[in-house]
Structures are given as structure tokens and as C-alpha cells.
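No value in this document is a laboratory result; all are computed from the given coordinates. The shown structure was predicted, so the numbers you read here are calculated from the model rather than taken from an experiment. A quick note on method: Cβ atoms are made from the backbone with ideal geometry, for glycine too, and the neighbour counts reach across all protein chains shown.
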Amino acid sequence: MRSQQKIAFPFVCLVFGIVGSTLGNRPQSNNRATSFGLCVAIVFLYYLLGFLMGSLGAIEILSPFLAAWLPNFIGLGVGILLLREQA
């Protein structure tokens with residue numbers, strides 16, 4: 001389980017980059033505090049999802065590969081949906 005998480009963790013940069021670039025590209029009149037709060041919420045939700053999937057992988061409900069990579073796949077899916085919505 002831990003070896004799969006060590007491989008999957010660096011790819012979170014790709015996920016955060018895609019989601020952040022699409023959210024940052026939207027014209028909004030939000031102030032800095034709202035944008036900072038949104039960033040903190042996204043990071044918190046990702047790590048919460050990663051913790052939950054890791055727990056499900058540790059008790060062998062999910063396979064180690066799926067438990068480690070599912071948060072990345074979900075985040076990448078959200079980023080792609082945001083990109084398609086923006087186009």
C-alpha cells in the first residue's frame with residue numbers, strides 16, 4: 001500500500017496544476033481571502049479523500065493500486081470537467 005502511495009503522490013502536482021489553472025483563469029471579482037479559502041478547501045478535500053482511500057486500502061476493501069491512485073483520478077476528472085466547461 002505504501003509503495004503505491006509513494007508512486008502516486010508526486011502526480012498530485014499535475015492534478016492541482018490543472019484544477020488551479022482552470023479556477024484561476026475564470027474572471028471573478030472575488031477577493032484574495034475567498035480565493036485563499038477555496039484553495040485551502042480543495043487541498044483539504046483532496047487529502048481527506050486520500051486518507052479515506054488509504055484507510056479502505058489498508059483494511060483491504062480496495063486494492064492498493066486503486067486506493068493510492070483513486071484520489072488522483074478523481075481530481076484529474078474534476079480538472080478535465082472544469083476545462084471542458086470553460087471551453
*Angle between the Cα long axis of helix 64-86 and the longest principal axis of the chain, 0 to 90 degrees, nearest 10?*
20 degrees
*asked:* If I model a spin label at residue 60 and residue 40 as a point 7 Å from the Cα along the Cα→Cβ vector, what separation in nanometres do I get?
replied: 4.1 nm
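List the relative contact order of the chain as a percent without decimals, with contacts defined as Cα pairs under 8 Å and 6+ residues apart. Walk me through the numbers on the way to the answer.
On the way: 59 pairs, mean separation 43.5, N = 87.
Value for the chain: 50 percent.
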*Per 5 Å bin from zero, what fraction in whole % of the C-alpha pairs of the chain is there, up to the bin with the longest pair?*
3, 15, 22, 21, 16, 11, 7, 4, 1, 0
*For n ≥ 4 DSSP H runs only, could you compute -39500 (n - 2.57) per run for the chain, divide by its residues and tell me the 222 nm figure to the nearest 500?*
-27500 deg cm²/dmol
*Gaussian network model of the chain, Cα within-10 Å springs - most flexible of 59, 42, 74*: 59
*Note down the nm distance, to one decimal, between modelled labels 7 Å out along Cα→Cβ at residue 23 and at residue 73.*
2.3 nm
